[in-house]
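The structure appears right after this line, and notes come after that.
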Amino acid sequence: MNAEAKAILEAALLCAQQPLAPKDMLTLLGEEPGVDSRAALAALLAEMQAEWQSRGSLQLVEVASGWRFQTHGAVRGALEALHPEKPRRYSRAAMETLAVIAYRQPVTRGDIEDIRGVVVSSDIVKQLEERGWIETIGHRDAPGRPQLYATTKQFLDDLGLASLSELPPLDDMGSPLLPLPEPGPQQTSLLDLAEDTPVPEAPQAAEPPAPALNDEAS
């Protein structure tokens with residue numbers, strides 16, 4: 001792949017609203033999917049990563065949905081002045097529920113309640129589903145056929161992770177509050193979004209905000 005291919009990829013990645021998957025990049029470059037073309041693409045992406053990393057402004061990263069540009073950590077603080085609004089806050093109960101799902105998936109609501117030791121509010125599950133962080137992937141073969149929950153690619157994308165294997169190891173799987181990873185340079189830590197007060201319901205937007213929680217203790 002030549003300089004023209006690099007220019008096309010850079011332009012596409014800088015303009016894309018969502019991460020670009022390798023197969024979409026190959027289509028964009030007019031390449032047929034194959035071992036050689038994928039290897040050439042991987043080498044080009046690695047070269048681009050190194051170049052942009054040295055600039056200290058943007059960095060090219062791989063997340064679950066593909067590749068994207070995001071702000072470099074060195075300039076993140078300065079850019080926050082452009083977005084003075086605070087990120088949405090989530091209850092600690094919601095974050096604990098999300099952490100249990102992330103580390104023990106697939107799990108049922110009963111599994112989550114056994115680990116946390118409290119009843120899981122339906123509002124918390126709905127909140128995480130509407131945020132796009134968890135989804136139902138099936139039902140357990142047990143009385144009542146309870147739903148099995150797992151995290152989504154959106155969850156990994158929001159944390160700047162390419163796969164669940166990048167989650168930090170746990171010393172104690174039974175801990176009531178499981179730690180979550182540090183965010184990417186353009187992300188906010190999930191635990192930083194936790195607070196002990198309800199989240200007010202907001203108007204529908206392109207990215208649906210979470211509804212208010214009725215029972216923050218759950």
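The values are calculated or read from the model by the stated rules, or taken from the named source; none is laboratory data. Because the structure is predicted, anything quoted here is derived from the model rather than measured. FYI the Cβ positions are ideal-geometry reconstructions off the backbone, even for glycines, and counts take in every protein chain you see. Note: accessible area is taken over every heavy atom of the protein model, side chains too, but ligands, DNA and RNA are not part of it. Shrake-Rupley method; radii C 1.70, N 1.55, O 1.52, S 1.80 Å.
Name the residue, out of Ala5, Ala16, Ala64, that is out of contact with any Lys or Arg (no Cβ under 8 Å at 6 or more places or on another chain) and not basic (Lys, Arg). I'd like the intermediate steps shown before the answer.
Details: Ala16 fails: out of contact with any Lys or Arg (no Cβ under 8 Å at 6 or more places or on another chain); Ala64 fails: out of contact with any Lys or Arg (no Cβ under 8 Å at 6 or more places or on another chain).
None of the other options fit; the residue is Ala5.
Name the helices (runs of 4 or more DSSP H) wholly within the stretch 72-164 that hold at least 1 residues that are small (Gly, Ala, Ser)?
Once the helices (runs of 4 or more DSSP H) in the stretch 72-164 are filtered for at least 1 residues that are small (Gly, Ala, Ser), what remains is 73-79, 92-104, 109-116, 122-131.
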Revision key, fill the gap. Per the list (1) modelled with pLDDT of 90 or more; (2) more than 24 Å from Lys153 (Cβ to Cβ), residue check on Glu80 breaks on (1)
Check your understanding: Failed condition for Gln147, given (1) in contact with a helix residue (DSSP H, G or I) (Cβ under 6 Å, 6 or more places away or on another chain); (2) at pLDDT 90 or above, with all others met?
Key -> (1)
Exercise for review: Consider only pairs whose beta carbons are under 7 Å apart and that are at least six residues apart or on different chains; among these, list those whose first residue lies in the stretch 62-90 and is more than 30 Å from Asp24 (Cβ to Cβ) and open to solvent by 70 Å² or more (accessible area, probe 1.4 Å) and whose second residue is among the aliphatic types (A, V, I, L, M) and modelled with pLDDT under 85.
Suggested key: Arg89/Leu193; Arg89/Val199
Practice item. Could you tell me which residue of the stretch 1-24 is farthest from Gly160 (Cα to Cα), considering only residues that are touching a Gly at 6+ places or on another chain (Cβ under 8 Å) and part of a helix (DSSP H, G or I)? Key: Asp24
Check your understanding: Among the residues of the stretch 35-52, is any more than 25 Å from Leu164 (Cα to Cα), surrounded by 11 or more Cβ atoms within 10 Å (Cβ to Cβ), at pLDDT 85 or above and in contact with a strand residue (DSSP E or B) (Cβ under 6 Å, 6 or more places away or on another chain)?
Key -> yes
